[in-house]
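One structure is given below, encoded as C-alpha cells.
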Amino acid sequence: MALDQLVEKSLEIIIPVLELMGIFVVVISAVVAFGKYLKSLVTHQQGRVKLALAEGLALSLEFKMGAEILKTVQVREMNELLVLGAVILLRALLSFLIHTEMKREKNEEETKN
C-alpha cells in the first residue's frame, strides 16, 4: 500500500513537470525560430526557420507523450484508458508528421547546397 501511495504522489509532481517542460520547449523553439526568421528578413539569407520550429515541436511532443504514458499508471476506468490511448495516438501521429516534414525540409536544404 505504501508503494502505491509513493507512486501516486510522485506522479502528481512528475507529470505536470513533464508537461511544463514540453510547454517551455515550444515557447523557446518558437522564439528562436522567430528570431531566425527576423534575421533572414534583415540579411536576405534563408535560415532554417521551419526546421528549427519543427525540431522544437517534435521534442515538445516527446515530453508531452512521456507525461501521457505516465498517466496510464493512474487510470482507474476503461473509459479513461480509451481517452488516454486516443491522446497518445494523436500525439504519436503528430510526432510522425513533424518528423516527416523535418526529413523533407532537410532533403530540400541538401539539394540546394
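The values are calculated or read from the model by the stated rules, or taken from the named source; none is laboratory data. Predicted, not measured: the structure shown is a model, and the values here were computed from it. Cβ coordinates were reconstructed from backbone atoms using ideal geometry, including for glycine residues, and neighbour counts include every protein chain displayed. Calculation scope for accessible area: heavy atoms of the full protein, side chains included, ligands and nucleic acids excluded. Shrake-Rupley method; radii C 1.70, N 1.55, O 1.52, S 1.80 Å.
On region 31-113, 66 percent of the accessible area sits on carbon and sulfur atoms, based on a 1.4 Å probe.
Shape verdict for the chain, please, from the Cα gyration tensor: rounded (a/c under 1.5), prolate (a/b greater than b/c) or oblate. Prolate, since a/c reaches 1.5 and a/b exceeds b/c. Lysines near Lys36 by alpha-carbon distance under 22 Å, same-chain residues fewer than 8 away left out - which ones? Of all the lysines, those that pass the test against Lys36 - Cα under 22 Å, at least 8 places apart if same chain - are Lys50, Lys103, Lys106, Lys112. Lys9: which lysines have alpha carbons under 21 Å from its alpha carbon, excluding same-chain residues fewer than 8 sequence positions away? Filter leaves Lys64, Lys71. Region 42-70 and region 74-104 have Cα centres lying 17 Å from one another. For a quick check of your reading of the filter: which GluC sites (Glu not before Pro) in region 39-113 sit in a DSSP loop and have no more than 13 other Cβ atoms within 10 Å? In loop regions of region 39-113 (DSSP not H, G, I, E or B), the sparsely surrounded GluC sites (Glu not before Pro) are Glu77. The value of relative contact order for the chain, using C-alpha pairs under 8 Å at least six residues apart, is 29 percent. Couplings for region 80-97, taken from phi via the Karplus curve 6.51 cos²θ - 1.76 cosθ + 1.60 with θ = phi - 60°, read 5, 5, 5, 5, 5, x, 5, 5, 4, 4, 5, 5, 5, 5, 4, 4, 4, 5 Hz in order; Gly and Pro are left as x. Across region 62-73, coupling constants 3J(HN,Hα) worked out from phi with the 6.51/-1.76/1.60 Karplus curve, θ = phi - 60°, read 5, 4, 5, 5, x, 5, 5, 5, 5, 5, 4, 5 Hz, and Gly and Pro carry x.
Quick one: grab the alpha carbon gyration tensor of region 1-44, order the square roots of its eigenvalues as a ≥ b ≥ c, and give me rounded if a/c is under 1.5, else prolate or oblate depending on whether a/b is larger than b/c. The shape class here is prolate. Ligands, DNA and RNA are left out, and with a 1.4 angstrom probe the accessible area of region 1-67 is 68 Å² per residue.
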